[in-house]
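Data first, discussion second: the structure below is written as structure tokens.
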Amino acid sequence: MRTIYDGFTRMQTEKPTFFAGANTGNGFVGEYNTIASEENRKRVWIIKGGSGTGKSTLMGKIAAEAETEGHRCVRYLCSSDPDSLDAVVIDDRYAVVDGTAPHVWEMQYPGASSEILYVGKYWKRERLEEKRDEIRELCRRKQAAFRAGYTRLAALSRVEEELYETAMEILDRAKLEKVLLRLLKGVHRGERTGGVQICRTWTVSVKGLFCTDGLYAQAENHWYVRDLYQTAPCFFAILTELCAEQHVPVHLSQHPVNDRVVEAYIPALSLHISMGTERDPDKTICMSRFVRKELLTERKGSIRLSAGCARSLLQDACTRFREAGESHAALEAIYREAMDFGQMNRDTAVIRRQIRKILEED
């Protein structure tokens, strides 16, 4: 049975890579409060400018140069366009972020720990003025398509909530808890320091459904949870509860639509557990072991119907987001044609040198 947890294409990335936000049933949700908080970072550079002005390319250059000098970089992709960067964090101390909509971000302590890099000054304004009506129409279409997509995701989240409640009812929770507690016994007392870190590795984008290797790449061992009638999300919900009770540190990734946990990484066990994988896992956990068969027989027809409805809503949302992506691509083309990239590259080369110097002196 196909569900909204299937069909995500895994992006195999060599570097630590996550998404900077998510398109959800409640609209766009960003993670900049964590990524770009000046309470957590020594310095934050916020890049401002329209679509197609080279923000992502500039961040990529900064990250590549930092890595050449031996610094660790974590990349955060745009949740709507996985081919684009939204942020880079260097050595967990410095951040470079795209501060334009939908993740508008401003300086918290201007000058003291943050500054604006404005690339809009390299526009040839007269060319954009000539395209004013086209830009307005493309922006209108893009916003309308995103709104329609979010409407579908909102409906989907309500259907999925009902599915989740039904899945919990047919689950033999005590049996599953016994298996998970046995797993967590492998975490030594000294490592039970608690703490949950939320990461986003799955996205519903203008180019389809994607997930990154952000958590997968950190683990030596990989388990796969094979779903049965939507019970796999219950596995992760109970695992999350038990990790909190047992004070086991865990990194979690959530489904973009409903924030259900879909991946978990337990550092103390170097173990990654996922609902979705394209690789051969070290172990497969079949949820059929934990389902009350008599209850499943009663509910499977209704579960199938609701799961089909949910899947259709997700597909329709993807169609709307793809339409938004087409308008976005047209906007990018207009702005690229209006940019003086030669002057921008000369000026930003100076900024990149300044950043490298700051990293060297730290």
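The values are calculated or read from the model by the stated rules, or taken from the named source; none is laboratory data. As the structure is a computational prediction, the values presented were derived from the model and not from experiment. Cβ atoms come from the backbone with ideal geometry, glycine included; neighbour counts cover every protein chain shown. Heads up: the accessible areas ignore ligands, DNA and RNA and are worked out on the full protein's heavy atoms, side chains in. Shrake-Rupley method; radii C 1.70, N 1.55, O 1.52, S 1.80 Å.
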Subject >> strands (runs of 3 or more DSSP E) within the range 190-262 that include 1 or more residues buried (at least 21 other Cβ atoms within 10 Å of the Cβ) and in contact with a Lys or Arg (Cβ under 7 Å, 6 or more places away or on another chain) >> reply: 208-212, 250-254
Original post:
Can you name every residue in the range 271-311 that is open to solvent by less than 20 Å² (accessible area, probe 1.4 Å), out of contact with any helix residue (DSSP H, G or I) (no Cβ under 6 Å at 6 or more places or on another chain) and within 30 Å of R189 (Cα to Cα)?
Top reply: L271, I273, S274, I285
**OP:** Under 6 Å between Cβ atoms, at least 6 apart or on separate chains: pull out the pairs that start in the range 290-311 with a residue that is under 17 Å from A232 (Cβ atoms) and end on any residue that is open to solvent by 80 Å² or more (accessible area, probe 1.4 Å).
**Re:** F290/K175; A307/M1; R311/R2
Subject >> Those residues of the range 241-265 which are more than 27 Å from E294 (Cα to Cα), more than 18 Å from the chain's Cα centre (by Cα) and not aliphatic (A, V, I, L, M), in sequence order >> reply: C243, E245, Q246, H247, P249
Original post:
Here are some conditions: (1) touching a Lys or Arg at 6+ places or on another chain (Cβ under 9 Å); (2) open to solvent by 40 Å² or more (accessible area, probe 1.4 Å); (3) of a type in the set (V, I, T). T348 meets all but one. Which one does it not meet?
Top reply: (2)
**OP:** Would you check if there is a residue in the range 156-166 being in a loop (DSSP other than H, G, I, E, B) and within 30 Å of D280 (Cβ to Cβ)?
**Re:** no
Original post:
If only one of A64, A155, A174, A101 is touching a residue at least 40 places away in the same chain (Cβ under 8 Å) and either within 30 Å of I303 (Cα to Cα) or of a type in the set (A, V, I, L, M) (or both), which one is it?
Top reply: A155
Original post:
Just a yes or no: is a residue in the range 24-40 more than 15 Å from the chain's Cα centre (by Cα) and in a strand (DSSP E or B)?
Top reply: no
Original post:
Does any residue of the range 167-178 turn out to be within 19 Å of R311 (Cα to Cα), under 26 Å from the mean Cα position of the chain (by Cα), open to solvent by 20 Å² or more (accessible area, probe 1.4 Å) and modelled with pLDDT of 95 or more?
Top reply: no
**OP:** Among the numbered conditions (1) under 23 Å from the mean Cα position of the chain (by Cα); (2) open to solvent by less than 40 Å² (accessible area, probe 1.4 Å), tell me where L184 comes up short.
**Re:** (1)
Original post:
What number of residues within the range 1-18 satisfy the criterion of being closer than 30 Å to E162 by Cα and within 14 Å of the chain's Cα centre (by Cα)?
Top reply: 4
Original post:
What number of residues within the range 30-53 are in contact with a Lys or Arg (Cβ under 9 Å, 6 or more places away or on another chain) and open to solvent by 20 Å² or more (accessible area, probe 1.4 Å)?
Top reply: 7
**OP:** Would you point out the residue of the range 167-189, among those that are assigned to a loop (DSSP other than H, G, I, E, B) and in contact with a helix residue (DSSP H, G or I) (Cβ under 6 Å, 6 or more places away or on another chain), that is farthest from V248 (Cα to Cα)?
**Re:** D172
